[in-house]
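The values are calculated or read from the model by the stated rules, or taken from the named source; none is laboratory data. Just so we're clear, the structure is a prediction, and the values are computed from it rather than from any experiment. All Cβ positions, even for glycine, are placed from backbone atoms using ideal geometry, and neighbour counts span all protein chains on display. When the accessible area is computed, the model is the full protein with side chains, heavy atoms only, and any ligands, DNA or RNA have been set aside. Shrake-Rupley method; radii C 1.70, N 1.55, O 1.52, S 1.80 Å.
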Amino acid sequence: MVHAWGGMEADHVAMRKIYEEFQIKNPDIELRLISMPTRDEMLRKVEDMIMVGNIPDIVDFGGMGYNQTYDFMVENDMLVDLTPYLQEDGELLSDMAETNLEYWTTKENKLYNVAAVLSLSGGYWYNEAIMEEAGIAELPKTWDEFFAMCAALKQWSENTGTGVKAFQASSEGYLYFLDHILACNGGESEKAIQSHSIVINDEELGKALEYLKQLYKFSSPDEEVYSYRDETSRFNEGKVALYINGVWGAPMISDKIHAKYGLLPNASGTSMSCESACMGYVLGKNADGKEEAAVKFLKYMLSEEVQIRIMEDTEQMPANPGITLDKYKNDKPRMYQAARLVLDADKKIDVPDNLWSLNQKEYFTQNIMEVLEGRTDGQNLINDMRSDGKKPT
């Protein structure tokens with residue numbers, strides 16, 4: 001199995017331990033882990049193995065959206081269709097997330113991808129102490145209210161000399177802003193997003209970029225190279241009031257910060273969040289009889305015992321619908337508050353990983369800062385993102 005849990009972070013170590021214990025529970029199956037530290041390196045490793053005809057028995061895509069590697073494996077009949085197993089095994093079917101079946105089942109009624117966790121996002125973490133000191137009593141429901149909140153935070157910071165910024169979003173954070181703006185614009189984009197896809201409408205995307213430019217006035221980073229890790233550090237140091245990230249960001253926040261989760265606004269003022277089953281595990285179609293063992297691994301990862309461990313050890317949201325979130329209301333209050341807010345929202349859209357192709361995301365994240373800073377024309381970005389966008393077929 002090739003996976004991207006090869007780092008030294010606590011959740012990476014926990015996931016590797018879960019994988020290794022499959023071997024202990026199944027001594028008749030030899031599980032060889034090929035551990036890569038990042039998703040990009042994992043993809044390159046899988047591509048290299050495919051090039052020499054050595055298809056991995058299991059690939060853990062680790063929460064990515066659809067990508068060219070996955071498309072290539074599907075188009076060249078390299079992956080196991082799991083539909084027959086679901087028809088024969090009611091337990092496997094009942095342990096799988098409904099959103100996984102809805103999104104990843106193809107028009108030909110084939111299923112190649114199984115997510116062991118759900119991706120919950122569509123909002124931001126906020127520092128309660130800073131918000132209280134700045135006089136922010138209620139979270140914004142519309143974009144005008146959001147801009148007003150950022151302005152109030154900026155004014156408070158200037159008056160007190162604290163140097164605290166409203167937020168300093170990474171390029172990935174701006175993609176979440178973009179999706180929320182497009183999902184409530186009343187046009188082609190909104191209709192497409194509700195159908196789990198995306199369209200590139202020049203006028204609609206151009207208007208959305210203007211919103212992002214307004215947001216950027218409150219959030220320009222101090223460095224040229226700026227990632228979500230930098231954003232996390234700023235929040236933990238009390239230098240920003242808001243931290244644009246998903247529910248999975250809970251364990252990365254310092255215990256010294258009194259943080260809660262709020263949803264991004266939309267034009268209608270109703271609550272909207274992101275809930276998706278992104279890419280998880282796919283099984284390589286090999287001729288050496290390993291398919292049954294790989295399916296057994298999937299059952300292990302979706303089992304109640306392992307799903308509870310994923311929740312408790314990594315604070316990822318389990319995909320198994322039988323896991324009760326309320327159990328963790330007291331033990332993990334930060335994660336519980338955020339997850340409950342996302343799950344109870346009036347309207348749901350996909351996370352960016354399931355709306356944009358990998359190439360489109362790269363075009364956006366590599367160029368959005370230049371657009372926001374006025375160093376390049378937004379139309380160039382729109383033209384780049386127009387290519388190769390599609391949902392699994």
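Within the stretch 351-369, residues that are on the phi < 0 side of the Ramachandran plot sit with their Cβ atoms under 9 Å from residues that are of a type in the set (Val, Ile, Thr) and open to solvent by 40 Å² or more (accessible area, probe 1.4 Å), at 6+ positions apart or across chains, in these pairs: ASN367/THR376. If you scan the stretch 364-385, which residues turn out to be more than 17 Å from LEU215 (Cβ to Cβ), within 23 Å of the chain's Cα centre (by Cα) and open to solvent by less than 70 Å² (accessible area, probe 1.4 Å)? Answer for the stretch 364-385, where residues must be more than 17 Å from LEU215 (Cβ to Cβ), within 23 Å of the chain's Cα centre (by Cα) and open to solvent by less than 70 Å² (accessible area, probe 1.4 Å): ILE382, ASP384, MET385. Being among the acidic types (Asp, Glu) and touching a Ser or Thr at 6+ places or on another chain (Cβ under 7 Å) narrows it down to one of GLU362, GLU370, so name that one. Residue meeting the stated conditions: GLU370. Restricting the first member to the stretch 44-62 and to residues that are at negative phi, and the second to residues that are part of a loop (DSSP other than H, G, I, E, B) and β-branched (Val, Ile, Thr), the beta-carbon pairs closer than 9 Å and six or more apart or on different chains are VAL46/ILE55; MET49/ILE55.
For the stretch 45-57, check the following and say yes or no: at least one residue is farther than 11 Å from VAL2 by Cβ and of a type in the set (A, V, I, L, M, F, W, C). Yes: one or more hits.
Does ALA293 qualify as being more than 22 Å from LEU86 (Cα to Cα) and of a type outside the set (S, T, N, Q)? No. For the stretch 265-285, filtering for residues that are open to solvent by 20 Å² or more (accessible area, probe 1.4 Å) and part of a strand (DSSP E or B) leaves 1. Close contacts from the stretch 11-30, counting a first residue that is open to solvent by 50 Å² or more (accessible area, probe 1.4 Å) and a second that is part of a helix (DSSP H, G or I), with Cβ to Cβ under 7 Å and a gap of 6+ residues or different chains, come to ASP11/PRO251; ASP11/THR314. Selection of the stretch 273-311 for residues being charged (D, E, K, R) and free of Cβ contacts under 8 Å to residues at least 12 places away in the same chain yields ASP288, GLU292, GLU305. Among the residues of the stretch 254-264, how many are part of a loop (DSSP other than H, G, I, E, B), open to solvent by 10 Å² or more (accessible area, probe 1.4 Å) and of a type outside the set (Gly, Ala, Ser)? Summing the residues that are part of a loop (DSSP other than H, G, I, E, B), open to solvent by 10 Å² or more (accessible area, probe 1.4 Å) and of a type outside the set (Gly, Ala, Ser) in the stretch 254-264 gives 4.
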